[in-house]
Amino acid sequence: MSVYQIELNLRTVKKQECVDVTELIERTVTESGIVTGVCSIFVPHTTAAIIANEHFDPNVPRDIAKTLCSMVPDHGPWDHPEENAPAHVRASLLGSSLSVPVTSGELFLGQWQGIFFMEFDGPRSRNLKVTITG
Amino acid sequence: MSVYQIELNLRTVKKQECVDVTELIERTVTESGIVTGVCSIFVPHTTAAIIANEHFDPNVPRDIAKTLCSMVPDHGPWDHPEENAPAHVRASLLGSSLSVPVTSGELFLGQWQGIFFMEFDGPRSRNLKVTITG
Amino acid sequence: MSVYQIELNLRTVKKQECVDVTELIERTVTESGIVTGVCSIFVPHTTAAIIANEHFDPNVPRDIAKTLCSMVPDHGPWDHPEENAPAHVRASLLGSSLSVPVTSGELFLGQWQGIFFMEFDGPRSRNLKVTITG
């Protein structure tokens, strides 16, 4: 068994954005040379999240983001004295880590599934820390 | 250290359903022969999720599903042009992956805890990809 | 590669509480001696959760908890015949497991990021099961 770890960089261009990182993660799995195991993706930020959902229709992650933006209102009342308070809440409702299987040297995803970096306080320079074990 | 990976199949019979998969996953941990490690469970679908919560009273997962169904309304407006748009959103609020410890060759769960496959767009034939590392 | 597993104990003192467990987890990573890998944190309870979010301003986790308490009302109607039904729902919206990278023998977190045990049905004696693989 071995472990492969890398930091990936991305740049968001809007306040709220759903960045499809499926290919980026798939390339990392190939580079790792690991055949069977788990690819653990971590967001080292507090106003962004990582999810797996449909990427065939890009409206799906946008519907997810829109729902979070209406469930968690822009104007609180919030105790955190910055305008990005709701972005912190939205991020934690989706989560900071995702573990996807690695099978036959490839990322194991469902037919319609992709991986999205969910930005709630952009535009910013962002990172993903990926650890593949197997 | 070693890695054991398997795909489990299940069949949901209702539109919304909370399937207790605790025994199914426990059996997989036993089969793996792994004594200490992590059992990573992944849902390769975009309208279903995986959670750990109380399975002593089956009303608990149902309360969770009902809350999601009322928080995320059936009729949007949704951009995704299919009636299952809210099912995608509900699934991502719960999450696609769950990592449970393996201790003394068994799944390590709290006294009241079970693992549930949360269906939001059934009935369907579904899978779970389980990877045990340790 | 090796695996290190430990159970950590904590005591919550309020009904709802955000306990900063960052240092506790960091110490565990140091004890493990593992240099590169993943630290998987699991909550073996059904009315508490684990998240990574800002710990520079402690108002951030409190805003997250407050949002959950207003999104998931205290008085249902709930099918679970105990007053802690909403605590179960709030916990599952945040999640029971979190996987954080281990890099250069340390927990890899973003600049503002900390790890919080989110109590929704305290005060109670609680545990965290931590498994470090790498």
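Of all residues in region A:61-87, which are of a type in the set (A, V, I, L, M, F, W, C) and out of contact with any Cys (no Cβ under 9 Å at 6 or more places or on another chain)?
Matches in region A:61-87: A:68, A:69, A:71, A:72, A:78, A:85, A:87.
When region C:99-121 is filtered for residues that are more than 16 Å from residue C:43 (Cβ to Cβ) and aliphatic (A, V, I, L, M), the ones remaining, listed by number, are C:102, C:107, C:109. Applying the selection to region A:111-134, what residues are open to solvent by 10 Å² or more (accessible area, probe 1.4 Å) and part of a loop (DSSP other than H, G, I, E, B)? The answer is A:111, A:112, A:121, A:122, A:123, A:124, A:134. Of A:65, A:52, A:91, all but one fail to be among the small types (Gly, Ala, Ser) and within 10 Å of chain C (Cβ to nearest Cβ); the exception is A:91. On the stretch given as region C:94-134, residues that are without any contact (Cβ under 8 Å) to a residue 60 or more places away in the chain and more than 7 Å from every other protein chain (Cβ to nearest Cβ) total 1. For region A:68-80, the set of residues classified as more than 7 Å from chain C (Cβ to nearest Cβ) and within 19 Å of residue C:52 (Cα to Cα) consists of A:68 only. With the requirement that a residue be touching a helix residue (DSSP H, G or I) at 6+ places or on another chain (Cβ under 6 Å) and of a type in the set (S, T, N, Q), what does region A:56-88 give you? A:67, the sole residue that qualifies. Got at least one residue in region A:23-30 being within 14 Å of chain C (Cβ to nearest Cβ) and touching a strand residue (DSSP E or B) at 6+ places or on another chain (Cβ under 9 Å)? Yes: one or more hits.
The values are calculated or read from the model by the stated rules, or taken from the named source; none is laboratory data. Computed from a prediction, not measured in an experiment: that's the story for all the values here. Glycine also receives a Cβ, built like all others from the backbone with ideal geometry; neighbour counts cover every protein chain displayed. Just the protein is used for accessible areas: all its heavy atoms, side chains included, with ligands, DNA and RNA removed. Shrake-Rupley method; radii C 1.70, N 1.55, O 1.52, S 1.80 Å.
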